[in-house]
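The block underneath contains the structure these notes are about, expressed in structure tokens.
The values are calculated or read from the model by the stated rules, or taken from the named source; none is laboratory data. Because the structure is a prediction, the values reported are computed rather than measured. Cβ placement follows ideal geometry from the backbone for every residue including glycine, while neighbour counts extend to all protein chains displayed.
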Amino acid sequence: MFLHLGGDVIVPKKDIIAILDIRSKSSAVTKEFLEIASDEGFIVNISKPGNEKTYVITNNEIYLSPISCTTLKKRALASYQI
């Protein structure tokens, strides 16, 4: 299954490590982690500047998404039947 993170970005759910609220980056450890990830080119911003609500950590990249944690969680837990 896949999860739509916003814009044109869809990632396999099996690759998602964490979905975190952008406000949690006020922690010193989280701030340092994101700075290092940014310096090494792992952060992909898929929202307009200043509109980031969530960061999604995957196996390969960290996405800054304009979609809230709650909405992403609902999407991730939804099971679609065809």
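Got at least one residue in the range 32-39 being at pLDDT below 95, in contact with a Phe, Trp or Tyr (Cβ under 7 Å, 6 or more places away or on another chain) and either exposed (fewer than 15 other Cβ atoms within 10 Å of the Cβ) or among the acidic types (Asp, Glu) (or both)? No: zero hits. Note on the range 40-56: residues that are surrounded by fewer than 16 Cβ atoms within 10 Å (Cβ to Cβ) and within 23 Å of ALA78 (Cβ to Cβ) amount to 0.
In the range 13-33, what residues are in a helix (DSSP H, G or I) and closer than 17 Å to ASN59 by Cβ? Selection gives LYS13, LYS14, ASP15, PHE33. Among the candidates ILE10, ILE36, the residue that is assigned to a strand (DSSP E or B) and free of Cβ contacts under 8 Å to residues at least 40 places away in the same chain is uniquely ILE10. Which residues, taken from the range 1-29, are within 14 Å of the chain's Cα centre (by Cα) and of a type in the set (Ser, Thr, Tyr)? Hit for the range 1-29 is SER24, nothing else.
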